[in-house]
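One structure below.
The values are calculated or read from the model by the stated rules, or taken from the named source; none is laboratory data. Note that the coordinates shown come from a computational prediction; the quantities given were computed from them, not determined experimentally. Here the Cβ positions follow ideal geometry from the backbone for every residue, glycine too, while neighbour counts run over all protein chains shown. With ligands, DNA and RNA removed, areas are computed over all heavy atoms of the protein, side chains included. Shrake-Rupley method; radii C 1.70, N 1.55, O 1.52, S 1.80 Å.
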Amino acid sequence: RLSADHFMLFYPYARREDALGTCGAAAERARSITGNGKPLALHIGLCCSEDAPEARDVTELTDRARIAQRESRTRGIVPCAYSQPMRDALLRRADLERTMESALEQGEFFYLIQPKYDVEGRRVLGGEALVRWRRPDEGIVGPDEFIPLFEQNGFILRLDEFVLESACRDLRARLDAGLPVVPLSVNVSRRHLHRDDFLPSYVRIKDRYGIPDGLCELELTESIVMDDLGGTFDIMEQMRAAGFRCAIDDFGSGYSSLNVLKSLPADVLKLDRGFLLEGTSPGTEETVVRTVITMAKDLRMDTVMEGVETPKQLAFLRTTPCDMVQGFVFSRPVAPEEFYRLLDTGK
């Protein structure tokens, strides 16, 4: 026993499978022990000597077993065996966290806008602001890599506000020049909703640039809404009262209910791209999409179909009352100057 509920087992083995089997048996036996009516859960990280040939002593083997143990807890794999990619991922995470503050200060983060077109593709009706990271020594870091990390460590709070402020600054410049503008949406992290100063800080940014009501749109994912319907509904009402449009993103990606749809205090409903994937029953997805879009329209919500990539998908959407299409079929995310060129020219 090392400390508290941390234990270490040194086990001689002939085959790697034997070591994994021993740990698996221990975890299974633990599940038969209950406390307060719940089974005992073990998170086991295992480092076999052949998986870490660079490890020079027991301490280094233990360090690698701890890395595997964290993976076991995060991914629910018991036991979880150490591998070099795990260590590489840990070092990569540490490197990104070490440089994130200075990266924001030095302008390495920037934003792109993905246009939202009418279903005919003739007019840009809106856009979604999406953050990107360009590291001088590396190039573009994929958002799928750094967004989840920043969600965990809280840096996403500063990054979301950076995107909102950047979008507002460009909107203000367009308004001052007498040029056309359309609503821009920005994503709101789950982390923001647990902060009392979340909405006041967003209102301050909006007011600082004198952005008229209805031009800034805040997107909450379906999962955020469904996790706390009552609390989220209250926040959404406050957003709208403060002059923000409120959008539900990824609708249909989880366990959304059409019964909830009728109560959503939202201005915009964005349907998840998964609706457009062909399933085992041809036509079923189209029926569901048409039904949801029609219901949303009856509830006076604008509708956006995201992730539209093919002419076939687009042709179907043109048979529905869908308001906007967002996806590669019309445009990838582009730099703000290109987005506004598309808005000005319609091409």
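Overview of results
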read-out: Protection proxy ranking of 110-118, 56-64 - average other beta-carbon atoms within 10 Å, highest first; value: 110-118, 56-64
read-out: Residue of 242, 81, 266 that the Gaussian network model of the chain assigns the largest fluctuation, springs spanning Cα pairs under 10 Å; value: 81
read-out: Charge sum, other residues only, whose C-beta stays under 14 Å from residue 74's C-beta, Lys/Arg counted +1 and Asp/Glu -1; value: +3
read-out: Relative contact order (%) - the chain, alpha-carbon pairs under 8 angstrom, separation at least six; value: 14 percent
read-out: Solvent-accessible area per residue for segment 125-208 (1.4 angstrom probe, square angstrom); value: 46 Å²
read-out: Choice from 263, 32, 166 with maximal GNM fluctuation in the chain (Cα, 10 Å cutoff); value: 32
read-out: Distance from segment 1-74 to segment 120-153 (C-alpha centre basis), Å; value: 37 Å
read-out: The chain - share of DSSP beta bridges that are antiparallel (%, nearest 5); value: 45 percent
read-out: Surrounding net charge for residue 292, when Lys and Arg each add one and Asp and Glu each subtract one, Cβ distance under 15 Å; value: -4
read-out: Structure-based [θ]222 nm, the chain - -39500 (n - 2.57) summed over DSSP H runs of at least 4, per residue, nearest 500; value: -14000 deg cm²/dmol
read-out: Listed residues 42, 261, 215, most fluctuating in the chain (Gaussian network, C-alpha, under 10 Å); value: 42
